[in-house]
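The values are calculated or read from the model by the stated rules, or taken from the named source; none is laboratory data. It should be emphasised that the depicted structure is a prediction, and the values quoted were computed from it without experimental measurement. Here the Cβ positions follow ideal geometry from the backbone for every residue, glycine too, while neighbour counts run over all protein chains shown. Accessible surface areas use protein heavy atoms only, side chains included; no ligands, DNA or RNA. Shrake-Rupley method; radii C 1.70, N 1.55, O 1.52, S 1.80 Å.
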Amino acid sequence: MPSLKRYSTFGLDADCASIHGFSDIPSFLSLYNSHETVYLLGGGSNSIFTEDFQGAVLVNEIKGISHFDDESYHYLRVGAGENWHDFVTLCLENQWYGLENLALIPGSVGASPIQNIGAYGIEVNAFIDTVEIVVLDTGEKTLLKNNDCAFGYRDSIFKNALANKVLITHVNFKLPKAHTLATSYGELAALEKPTPESIYHKVIEIRQQKLPDPATFGNAGSFFKNPVVPMSVLANISKQYDTVPHFVVPSSDVQSSDEFVKIPAAWLIDQSGFKGATLNQVRCHPTQPLVLTNLGGAKGKDVIAMASDIIATVYDKFAIKLEPEVRLMGSKGLISL
Ligand SMILES: Cc1cc2nc3c(=O)[nH]c(=O)nc-3n(C[C@H](O)[C@H](O)[C@H](O)COP(=O)(O)OP(=O)(O)OC[C@H]3O[C@@H](n4cnc5c(N)ncnc54)[C@H](O)[C@@H]3O)c2cc1C
């Protein structure tokens, strides 16, 4: 059975029945229809294989980037198998601005709408025009408009109603020529006379300082989502802590008239005593406790044990249930904690 170790940035030892790359829709459909159980993979930076997977892994290698513009926008049609950071860099080199805050996020362009990747004050949905998909069961090609994708915080229709039902083949971006820089994030706010180029380089610098490089310590970025909770939950926690970091969530994002706040999961995990904690070869990263790392030779059961312990402890202490941001794979498919 082939090893999945180099197909997932967390780098656990796990095998699968077979691995196949595909670079066009006909070859994808023929692979998909000839295997009973499949998992679609891009760069494997959000997927953790916790044990051997009893199915075929199909790796998206659909490439190609085309561009045109009009008076107001740059339009880009990008193959789902293109590397995200390379695409962001290409945009910057051509002065097609907007995506610079999202530099150095690992993975493929095709996965970017799935969890609506975001960083440093920007989410990718602000720049997505349409998403081209193939419906797995019928092979039908169709196009989803931005509004059809139900984008939310690390969320979209692709994680809900369309989960495991479609292949994303291309993402169409629309980058406004009258572009506003997003510099609200702390360390970007300190930039003097910010430009898209200086933001791009600063984001890369901050990320390289703060986040463990998967090439050194396997990881999948943020393991948990930052919980969004009603203001009353924050008020309760604030009775015991002088300062509780939080960000008010716009009511349009939560579709509710009540006030909601986002509390950094890293703070909750840190307060629960896990920062730097190690279970066998799985470590809660000492400078960014939201990230779990593989110190080398970690086992899937230890990743699950550590993550479950964090969830239970944070829940006992704060009555907040952390949800994984990563995709955890078991022997038959996705598993939840
Ligand atoms: C060091 C590090 C830092 C990170 N920082 C960030 C960050 O700042 N912000 C952020 O949002 N994320 C971050 N991530 C998470 C990750 O980079 C993103 O989620 C990324 O979009 C995953 O892309 P991928 O191609 O590697 O996805 P994969 O892990 O290959 O796939 C993710 C999911 O999407 C599905 N999928 C993949 N491609 C397709 C397709 N073409 N069609 C249908 N389904 C598909 C898979 O089945 C799987 O369920 C980070 C990860 C790491 C390792």
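Remarks
- At a probe radius of 1.4 angstrom, the accessible area of region 1-111 per residue rounds to 43 square angstrom.
- Shape category assigned to the chain from the gyration tensor of Cα positions, a/c cut at 1.5: oblate
- Over 22 Å between alpha carbons, listed pairs 159/321; 159/262; 174/262; 225/317: 174/262
- For region 103-179, the dipole from Cβ point charges (+1 on Lys and Arg, -1 on Asp and Glu) about the Cα centre works out to 140 debye, to the nearest 20.
- About the centre of its Cα atoms, the chain shows a dipole size close to 620 debye [charges on the beta carbon of Lys, Arg (+1) and Asp, Glu (-1) only; nearest 20 debye].
- For region 20-79, the share of accessible area belonging to carbon and sulfur comes to 44 percent (1.4 Å probe, ligands and nucleic acids excluded).
- The aspartates and glutamates whose alpha-carbon is closer than 19 Å to the alpha-carbon of residue 275, local same-chain residues fewer than 8 away aside, are 213, 302, 309, 316, 323, 325.
- Point-to-point label distance, residue 163-residue 5, nm (Cα→Cβ direction, 7 Å offset): 3.0 nm
- Region 32-79 and region 236-284 have Cα centres separated by 31 Å.
- Length added when fully stretched, residue 209-residue 150, from 0.36 nm per residue minus Cα-Cα: 17.9 nm
- Note on region 145-212: with neighbouring protein chains present and a 1.4 Å probe, carbon and sulfur make up 50 percent of its accessible heavy-atom surface.
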